[in-house]
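Reviewing the structure listed below.
Every number here is computed from the coordinates shown, using simple stated rules; none is lab data. None of the values given here were measured: they were computed from a predicted structure. All Cβ positions, glycine included, derive from the backbone under ideal geometry; neighbour counts span all protein chains shown.
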Amino acid sequence: TTLSLRVMTPNQVAWDSEVQEVILSTISGQVGVLANHAPLLAALDIGVLKIRTERRWSVLALMGGFAVVDENRVTVLVNEADKAADLEPQRVKEAYLSAQTELAQATGRKKMIEANLAFRRAKARLDAVIAATVPD
C-alpha cells in the first residue's frame, strides 16, 4: 500500500505522486508517515520534508504550513517549497553563511526577527541540500 502525497504552495503543486513514506518537520519534531497512518493534522515548521518513493529518497525545503494525513492521503499546504534537486549547493551555502552573519549583526527587535526568519529559511534549504546528497 502506498500514500498519495500532494505538496501545494499558493503558486504551484510542488509534488503530486504515490510514495512509500513521508517524514514531516512539524513544530513539535519529526513525524514519519507510512501507509495506514492514523488521521493527523500537523503544523509544519520551516524545515525539511523527506519523501521515499520505490526508487529513492527525495527532499524538499518547506517554509512553514500544515499537513493533513487521512485515508492514505497526505496533503501538505505550505508557503513555499523548494526541491533540493533544483537548488544550487554553492549558492545555498553562501545564502546560509550570509544569513548567519546578518543574524549575528542584527540589532533591534524587528531586525532580529527578520534576520532569524531569513536564517531559518536558509538553514532549511541547506539541510535539504545536505540530506539529498547523503546516499540512500
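Numerical summary
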quantity	calculated
Per-pair calculated FRET efficiency, R0 = 30 Å: Glu54 and Ala85 via Cβ, rounded to 0.05	0.95
Gained length - Val68 relative to Ala43, 0.36 nm times residue gap less alpha-carbon distance	8.1 nm
Charge dipole magnitude, Cβ of K and R +1, D and E -1 - the chain, Cα centre, debye nearest 20	420
Anisotropy class of the stretch 3-83 from Cα gyration tensor, a/c 1.5 cut	rounded
Those aspartates and glutamates that a straight Cα-Cα span of less than 15 Å connects to Lys111, excepting residues fewer than 8 apart in one chain	Glu102
Nearest 10 degrees, 0 to 90: helix 109-133 Cα axis against the chain principal axis	50
Gyration tensor verdict on the stretch 85-133 (Cα atoms; rounded if a/c is under 1.5, prolate if a/b is larger than b/c, oblate otherwise)	prolate
Dmax and Rg, reported as Rg then Dmax, of the chain (C-alpha, Å)	15.5, 52
Residue-count net charge about Ala118 - beta-carbon cut-off 14 Å; Lys, Arg +1, Asp, Glu -1	+2
Net charge, Leu97 excluded, C-beta distance under 13 Å - Lys, Arg +1, Asp, Glu -1	+2
Residues of the stretch 1-16 with amide N under 15 Å of a point placed 7 Å along Cα→Cβ from Thr75	4-10, 13-16
Residue-span extension gain [Thr133 to Ile113] - 0.36 nm each, minus C-alpha spacing	4.1 nm
Residue of Thr75, Thr26, Thr101 that the Gaussian network model of the chain assigns the largest fluctuation, springs spanning Cα pairs under 10 Å	Thr101
Linear extension gain, Ser98 paired with Arg120, 0.36 nm per residue minus alpha-carbon span	6.7 nm
Over the chain: helical MRE at 222 nm, DSSP H runs n ≥ 4 each giving -39500 (n - 2.57), nearest 500	-10500 deg cm²/dmol
Cross-link partners of Lys83 among lysines (Cα-Cα below 19 Å; sequence separation of 8 or more within a chain)	Lys50, Lys93, Lys123
Long-range HN-HN contacts of Glu80 with modeled amide H, under 5 Å	Met63
Environment charge at Leu62 (Cβ cut-off 9 Å; Lys +1, Arg +1, Asp -1, Glu -1)	-3
Percentage relative contact order, the stretch 85-133, counting C-alpha pairs under 8 Å, at least six apart	52
